[in-house]
Amino acid sequence: MRIVIAEDSAVVRAGLAEILADSGHEVLAAVGNAAGLLAAVNEHHPDAAVVDVRMPPGYTDEGLRAAISIRRDHPETGVLMFSQYIETRYTADLLGAASGGGAAGVGYLLKDRVADVEEFVEALSRVAAGGTALDPEVVTQLLAASRHTDGLGTLTAREREVLALMAEGRSNGAIAGTLFVSERAVEKHVANIFSKLGLAPSDADHRRVLAVLRYLGS
Amino acid sequence: MPMTEQPSAPQLTGGISHSASSESVARAQPLAMRILVRPSVYRHPRAWGSVCSVAGLWVFVLGIILCSNRFWWGAALIAVGALELWIAYRLLVAPLPERVRELERSRAHVVDDSAARLRRIERDLHDGAQAQMVAVAMKLGLATKKLSAMAGRTGQTDLDRVLELVVAAHRGAKEAIAELRDLARGIHPPVLDQGLSTALTSLAASSEVPVELMVDMPDRPSAAIETIAYFCAAELLANVAKHSGAQHARLEAVHVPGLLRVRVSDDGTGGARVEARGGLAGLAERVKTVDGRLQVSSPPGGPTVIVAELPSHA
């Protein structure tokens, strides 16, 4: 993967570059602010950008706004946002931008997850390939805030677990690995979830995720 | 032998015990003597006022006693006492409204200042300790990955032990990141920098009980007030989730010129009370620091309505 990093803390930036380079990916640019990020994306057209939400000059949501404009102007570039805090408001904005652009290719993770190298690189690959990678905490908040409590209430505990992992953007294989069940069993759960929630079944992973997210968010 | 030396020990301590005893001598002196000894202190109007009120009262009472015993020259003492009491009034009571205004100004300054300081601490944590911990955890994550690959290849027990240690350190680093995050968020939630309405939107969305949100804030109150309002709303919504058994809650924030009103209501079982050292009492205290007030209505069986009213500026 060809990657651009935007993170204002020099130590974290260096750490990210090291992890990605070590995993065999090419870091095209590592910048410290949103303007630098947009310039680097314009110049390199990377597969994915890793973006800190809070960057200078205002230290609020500069990264988010840059991420949204990258999704709009460069649909081929996936954007993985990460921050110290999960703010539901940011999730809504980012997912709104993602579905408005007609594709996924977004992710939102807590900074802690970056420390789990393999999971982080896997999430970034998913985003670069047009998939979705949401932090479990984002999904918990989405589930809690969803108005479709009746629909969600009909799911079994196992189905809710599968739904949460699906909303994080994981494939059947990854879900099976996490829950220590067979992929066949996961497929069966997914089919049940889609029929219980009244969603049209879909085989492509990322379209399936979008359907679930739209359901939770609407 | 040591026993006989003991009585002389206090004398050896010199300066300290000497100044302490002169302190107690001064306290025992009559007021008049103290004024003579420390005239500069008593030049302050408040000290003069106190002296005049005490002396005036005594002279006044003495004058009345004399007059009632037909020593008519006591009337002069009554007049002097009354004059002293009047001076005391001018020095102590008359300046109070001005002092109240001064106190309000300095309190607003202190409240704003502490809000700004908390914001700075959160920013420092974010840029400093939190970033460092993330970098450390990332390095440990990378080390874990490399070591497990090596351990798989060579199968040395020493390497397994090192891997165990690194994995434990990695886990510890991640726990530290989570703890730091909670700490920083408790000090100053960064989302507040984008305004109270954005912060409340995020808060309502992350509540365990579904929250209907109504925000009407044409302009922003001061940062310190926003912080207090945010923590009120957060605590009240947390209470709804923890204690009320409610199915729905409603959060309203309305800002009119001069007043910010935050109202949290739910359809739960009610019975919320302001108890000493309880969460609501803490909130009430916090609201009071800026002259706000907290109204609680929570009859048994519900519904619970809690309103915090805050001035726009501290």
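The values are calculated or read from the model by the stated rules, or taken from the named source; none is laboratory data. Everything quoted here is computed from the prediction, not taken from an experiment. Cβ atoms come from the backbone with ideal geometry, glycine included; neighbour counts cover every protein chain shown.
Numerical summary
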item: Test: A:GLU168 is farther than 26 Å from B:ALA249 by Cα, free of Cβ contacts under 8 Å to residues at least 60 places away in the same chain, in contact with a strand residue (DSSP E or B) (Cβ under 7 Å, 6 or more places away or on another chain) and of a type in the set (D, E, K, R); result: yes
item: Enumeration of residues in the stretch A:57-74 that are within 14 Å of chain B (Cβ to nearest Cβ) and buried (at least 22 other Cβ atoms within 10 Å of the Cβ); result: A:ASP61, A:GLU62, A:GLY63, A:LEU64
item: Near pairs, Cβ below 7 angstrom, 6+ apart or cross-chain, from the stretch B:133-155 (at the interface with another protein chain (Cβ under 7 Å from one of its Cβ atoms) and touching a residue at least 12 places away in the same chain (Cβ under 8 Å)) to any residue that is among the basic types (Lys, Arg) and surrounded by 14 or more Cβ atoms within 10 Å (Cβ to Cβ); result: B:VAL134/A:LYS111; B:ALA137/B:LYS174
item: Residue satisfying condition, being surrounded by 14 or more Cβ atoms within 10 Å (Cβ to Cβ), under 29 Å from A:ALA92 (Cβ atoms), touching an Asp or Glu at 6+ places or on another chain (Cβ under 8 Å) and within 14 Å of chain A (Cβ to nearest Cβ), within set B:SER206, B:SER202; result: B:SER202
item: Number of positions in the stretch A:165-184 that are closer than 21 Å to A:ALA129 by Cβ and part of a helix (DSSP H, G or I); result: 12
item: Matching residues in the stretch B:176-199 - criterion: being of a type in the set (D, E, K, R) and more than 9 Å from chain A (Cβ to nearest Cβ); result: B:GLU179, B:ASP182
item: Subset of the stretch B:189-233 (residues that are touching a residue at least 12 places away in the same chain (Cβ under 8 Å), over 16 Å from B:SER265 (Cβ atoms) and either touching a Cys at 6+ places or on another chain (Cβ under 8 Å) or of a type in the set (Ser, Thr, Tyr) (or both)); result: B:SER197, B:THR201, B:SER222, B:THR227, B:TYR230
item: Inter-residue pairs, beta-carbon under 7 Å, first without any contact (Cβ under 8 Å) to a residue 40 or more places away in the chain and in the stretch B:288-300, second assigned to a loop (DSSP other than H, G, I, E, B), 6+ apart; result: B:VAL296/B:ALA272; B:VAL296/B:VAL274; B:SER298/B:GLY270; B:SER298/B:GLY271; B:SER298/B:ALA272; B:PRO299/B:GLY270; B:PRO300/B:GLY270; B:PRO300/B:GLY271
item: Residue tally, condition under 17 Å from A:PHE120 (Cα atoms) and either within 47 Å of the chain's Cα centre (by Cα) or not in a helix (DSSP H, G or I) (or both), over the stretch B:135-177; result: 17
item: A:ARG147, sole failed condition from (1) of a type in the set (D, E, K, R); (2) surrounded by fewer than 20 Cβ atoms within 10 Å (Cβ to Cβ); (3) in a helix (DSSP H, G or I); result: (3)
item: Residue within the stretch A:150-170 that is within 14 Å of chain B (Cβ to nearest Cβ) and within 15 Å of the chain's Cα centre (by Cα) present; result: no
item: Residue list for the stretch A:180-213, filter: over 22 Å from A:ALA144 (Cα atoms), modelled with pLDDT under 80 and aliphatic (A, V, I, L, M); result: A:ALA200, A:ALA204
item: Restricting the stretch B:114-169 to residues that are of a type in the set (D, E, K, R) and in contact with a helix residue (DSSP H, G or I) (Cβ under 7 Å, 6 or more places away or on another chain), the residue that is modelled with the highest pLDDT; result: B:LYS139
item: Residue identified as surrounded by 24 or more Cβ atoms within 10 Å (Cβ to Cβ) and either more than 19 Å from A:ARG54 (Cβ to Cβ) or more than 9 Å from every other protein chain (Cβ to nearest Cβ) (or both) among A:VAL139, A:VAL106, A:VAL121; result: A:VAL106
item: Matching entry among A:THR77, A:THR91 (being within 14 Å of chain B (Cβ to nearest Cβ) and of a type in the set (Ser, Thr, Tyr)); result: A:THR91
item: Tally, over the stretch B:265-295, of residues that are in contact with a Ser or Thr (Cβ under 8 Å, 6 or more places away or on another chain) and either hydrophobic (A, V, I, L, M, F, W, C) or in a strand (DSSP E or B) (or both); result: 3
item: Positions within the stretch B:205-229 being of a type outside the set (D, E, K, R) and under 19 Å from A:ASP61 (Cα atoms), in sequence order; result: B:ALA205, B:SER206, B:ALA223, B:THR227
item: Single condition A:ALA30 does not satisfy, out of (1) outside any helix (DSSP H, G or I); (2) within 14 Å of chain B (Cβ to nearest Cβ); (3) surrounded by 22 or more Cβ atoms within 10 Å (Cβ to Cβ); result: (3)
